[in-house]
Amino acid sequence: MGKSFYTFIVIPHASPRLHKLKLPVRVLHLLAGIGILSFLVAVSLGFNYAKMSFKAADYDKLQTENTDLKVQKKNLEVVTRKLGEKLSNLEHISAKIQTMIENDPATKQGKVNSPAIGGSTVDYTTAELIRSASLKDGIDLLKGKTAEMESHLSLLEQVAVKRATIRRFTPDIWPVSGNITSHYGNRLDPFNGDAELHLGLDISALYNTQIHAPADGVIIYADRKAAYGNLLIVDHGNGLTTRYGHLSRALVRPGHKVKRGDVIGLVGVTGRTTAPHLHYEVRLNDRPINPRKYLPKG
């Protein structure tokens, strides 16, 4: 059986000559197969290229997201560290204030009407917070603990401020240095020997010794008054007043505000007295009380 051929006639442009191209059918089939295979390979390569392009884009996106996550993690670690430091500082300040309140004599004697405050029923440290949960959960726990500590510290601060304010107006320092020559309470009158109630302390001191205000207050009296001689009265608020008798002279006038330690007068011998000394009284709602209740020993 003879071979089949296809004859292709090629007519060049503007040329009278014809060119014939004779190709066997098998060759044409081979060329067609090669063409189809080439097309399929090209399509496959195109898909693979597109797939690789998408993968590269995803990889770049993942790299970007990974970088963002690293930055976020670093920021969270910084926030955690700062919260931990803040919490530690708050705990330290809280402990100091608590110690001050516990060591305040007024607390032990129950003299100050302040709210009773307790600590948290949860006891955990910053390290435990971070170990016990994820970083974000740890931060949330730290924030909660910090808010709790700030609230507790705020209450402690209010109590401390109140105590400090009360102490400023509490006559708890000696107005002059000297020996007590006559105590508060029953005694024999130094002039006639009769029994009497002595309403304050007589503190021996040299003539013109400076007298210091034992607490903040306002001068409400500065004049002569019978047996007191020259008398000063200081109002410390909340019904508490102090009296200073037998002064040689007062160095302040009614209406003057004084602070603890200010010099308010000089020791003298005015009024009913036998020698230079300070007659010192403390009164609550104008009722005399023993000044030693407030004064330190000595």
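The values are calculated or read from the model by the stated rules, or taken from the named source; none is laboratory data. Quantities reported herein were computed from a predicted structural model and do not represent experimental measurements. Note: ideal-geometry Cβ built from the backbone for every residue, glycine included; neighbour counts use all protein chains shown.
For segment 219-248, give me the residue count where each residue is charged (D, E, K, R) and closer than 13 Å to LEU278 by Cβ.
The initial filter retains those residues of segment 219-248 that are charged (D, E, K, R), namely 223-225, 235, 243.
Checking which are closer than 13 Å to LEU278 by Cβ leaves us with 243.
So the count comes out to 1.
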Kindly list the number of the only condition in (1) among the small types (Gly, Ala, Ser); (2) assigned to a loop (DSSP other than H, G, I, E, B); (3) crowded, with 23+ Cβ neighbours inside 10 Å that fails for GLY265.
(2)
(1) in the same structural domain as LEU83 (by TED's automatic domain parsing); (2) closer than 21 Å to VAL258 by Cα; (3) surrounded by 19 or more Cβ atoms within 10 Å (Cβ to Cβ) all hold for ASP216 apart from (1)
Looking at ASP235 and the list (1) among the acidic types (Asp, Glu); (2) surrounded by fewer than 14 Cβ atoms within 10 Å (Cβ to Cβ); (3) free of Cβ contacts under 8 Å to residues at least 24 places away in the same chain, which single condition is not satisfied?
(2)
Does THR242 meet the test of being in contact (Cβ under 8 Å) with a residue 12 or more places away in the chain, part of a loop (DSSP other than H, G, I, E, B) and in contact with a Gly (Cβ under 8 Å, 6 or more places away or on another chain)?
no
Go through segment 201-220 and give me each residue that's closer than 17 Å to LEU284 by Cβ and in a strand (DSSP E or B).
LEU201, GLY217, VAL218, ILE220
Is at least one residue of segment 78-90 free of Cβ contacts under 8 Å to residues at least 24 places away in the same chain and farther than 30 Å from SER154 by Cβ?
no
Of the numbered conditions (1) at pLDDT 70 or above; (2) surrounded by 10 or more Cβ atoms within 10 Å (Cβ to Cβ); (3) not in a helix (DSSP H, G or I), LYS20 fails exactly one; give the number of that condition.
(2)
Considering segment 190-213 alone, what residues qualify as being loosely packed, with under 12 Cβ neighbours inside 10 Å and among the polar types (S, T, N, Q)?
ASN192
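Over 14 Å from LEU199 (Cα atoms) and in contact with a helix residue (DSSP H, G or I) (Cβ under 8 Å, 6 or more places away or on another chain): which single residue out of ARG253, ARG260 fits that description?
Only one candidate qualifies: ARG260.
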